[in-house]
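Presented below is the structure to which this report refers.
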Amino acid sequence: MVLDNLGSALRSSIKKLVGKVLIDKKAVEAFIKDVQKALIVADVDVELVFDLTKKIKERVLADKDFGKKEQIVRIVYEELVSFLGVGGELDVKKKPYKVLLVGLFGSGKTTTAGKLAKRFKKKGYKPCLLALDTYRAAAVQQLKQVGKGAGVTVYGDNKEKKAKKVVKNYKKDWENFDVVIGDSAGRDALNKSLIKEIKEINKEFKPDEVLLVVPADIGQSARKQAEAFKEALNITGVIITKLDSTAKGGGALTACAVSGAPVKFIGVGEAVSDFEVFMPERFVSRLLGMGDLETLLEKAKDELDEDKMKDLGERFMKGSFNFLDLYEQLGAMNKMGSMSKLLSFIPGIGGMKLPMDKLDIQEENIKKFRLLMDSMTLKELEDPKTLNKSRIERIAKGSGCTVGDVRALIKQFNQMKNVMKKMKGGNLNKMMKQLGIKDMKALEGMMEGLQ
Ligand SMILES: Nc1nc2c(ncn2[C@@H]2O[C@H](COP(=O)(O)OP(=O)(O)O)[C@@H](O)[C@H]2O)c(=O)[nH]1
Ligand SMILES: [Mg+2]
């Protein structure tokens, strides 16, 4: 796959996040750092990386569904897509539709000319190629070879030294085609001679599209190149080649996207079929492995592995927790059995005269609590003390529950908090050890036997 390294780094950051029991601010921050690292390694401009990840972070933290892993993945997907611009296809709006390829030496213009021609042919158009590289001796011959591979006609004259003359001389011929693709000459850099030559071609050829061909291996410096070409000439889009053969492709892609010239196609190999129209949605979806991710997210919903149990156990025993913790713990407890069952299982706690009977959290309650918490803001989840009358009313309305339900949740929460505090004083760890329970995982196993 294109951009293998970036894709796998992003996928592993997401997997790490999905594996967490609790999604809190800290988890989001760690995730953002991972994403930043992945993008920087792919040679994306550091400033752009920070702009992008800042947006992701702000959206994640402000999201009304904060804590839902699938929401975070969706935000990352959406921001990456909008970061990569509009993409696009070439519509043959008139005939002949004239496309001019420009770019520096070795960027892949001639190869791309063949790929484009083949693509148009496959779509049912009649394309031809025009050899406008009069700078290199073997250029016409090379394009003829490429044209043969694509099965299209090539016009060119290796004795003619002026590109604009080639345009003129073959006008009668190429006028009969649906699409005519001009393969121009490059230089080592965008110098005066190259600008002058392309301007002359432009005047004679009057292209409908001027596409800049940029190799991905130049990474983020593609931005400078794209901007320079755009300033000197009327570039309508960019084609990025060699995305298959570099770890810097992320840099080139994003650099071109921000230069304001839409990336239209990508070259992913030397063969004439190694060519794709660039669609940010499809591209990012593949990059993140969205199909696999959805399966992973589904699994994460109903699976508690050993690490998660440990994490949960630690938080559980800390005694200081908020609605956000409760939210996650309730989900976990669905699996483990009710809270009261868990507590009654530990004899030492019974002796501490805890309000066990009041802690009867049943399945329906858990569902309702989750519904209520879904309607809370992040601030409210983090600090339940902020819940005043008007906030309580808003939450009830937003969740389709009653004010009484919200108050019941707050009461239940406060009771749980008290129990936690007492448990902390009673040293649950020690008690568990005395009972021969090694860890939370072992406890869970015993709980299952009780249900
Ligand atoms: N791996 C890879 N190589 C490419 C791609 N596009 C072009 N090339 C290679 O890049 C080199 C230069 O290509 P060419 O079309 O002659 O560049 P031009 O000077 O801009 O016309 C050739 O060896 C091509 O085979 C691509 O998408 N992937
Ligand atoms: Mg060439």
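Derivation of every value follows stated rules applied to the coordinates shown; laboratory data play no part. All values reported here derive from a predicted model rather than from experimental measurement. So basically every Cβ, Gly included, is an ideal-geometry build from the backbone, and we count neighbours across all protein chains shown.
General remarks:
- Among Leu387, Leu61, sorting on how many other beta-carbon atoms sit within 10 Å of each Cβ, with the fewest leading, yields Leu61, Leu387.
- For the stretch 25-88, applying the loop criterion from DSSP together with a ceiling of 14 other beta carbons within 10 Å to the chymotrypsin sites (Phe, Trp or Tyr not before Pro) yields no site.
- Overall form of the stretch 1-140 per C-alpha gyration tensor (a/c, 1.5; a/b vs b/c): prolate
- Total formal charge among the other residues, if their Cβ is under 12 angstrom from that of Thr377, Lys/Arg +1 and Asp/Glu -1: -2
- Farthest positive-ward along the stretch 12-113 dipole, Cα basis, beta-carbon charges - from Ala62, Thr112, Ala27: Thr112
- Think of each Lys and Arg Cβ as +1 and each Asp and Glu Cβ as -1; about the Cα centre, that makes the dipole of the stretch 208-284 roughly 260 debye.
- Peptides 125-131, 91-97 ranked from most to least packed give 125-131, 91-97, packing being the mean of other C-beta atoms within 10 angstrom over each peptide's residues.
- Residue-by-residue Karplus 3J(HN,Hα) for the stretch 62-78, coefficients 6.51, -1.76, 1.60, Hz, glycine and proline x: 8, 5, 5, 9, 3, x, 7, 4, 5, 5, 5, 4, 5, 5, 4, 4, 5
- Gain in span if fully extended, Val41 to Asn176, counting 0.36 nm per residue against the direct Cα distance: 43.8 nm
- Whole-Hz ³J(HN,Hα) from phi, Karplus 6.51 cos²θ - 1.76 cosθ + 1.60, for the stretch 259-272, glycine and proline x: 6, x, 9, x, 7, 9, 9, 10, x, 10, x, 7, 6, 5
- Mean Cβ neighbour count within 10 Å, used as a protection proxy, ranking 260-269, 404-413 highest first: 260-269, 404-413
- Relative compactness, the stretch 54-209, computed as alpha-carbon Rg over 2.2 N^0.38 Å: 1.40
- Ranked by how many other beta carbons lie within 10 Å on average, peptides 221-227, 373-379 from highest: 221-227, 373-379
- Listed values for the stretch 138-152 are Karplus-derived 3J(HN,Hα) couplings in whole Hz (6.51 cos²θ - 1.76 cosθ + 1.60, θ = phi - 60°), namely 8, 4, 5, 4, 4, 5, 4, 4, 4, x, 4, x, 8, x, 10, and x replaces Gly and Pro.
- Close amide H pairs (under 5 Å, H built 1.01 Å from N) link Thr153 with Leu129, residues at least 5 positions away or on another chain.
- Cα extents of the stretch 51-123 along the three principal axes, largest first (Å): 52, 29, 18
- Using C-alpha pairs under 8 Å with a sequence gap of at least 6, the mean separation divided by the residue count of the stretch 90-224 gives a relative contact order of 41 percent.
- Trypsin sites (Lys or Arg not before Pro) within the stretch 96-157: DSSP coil, no more than 16 neighbouring Cβ in 10 Å: Lys123, Arg136
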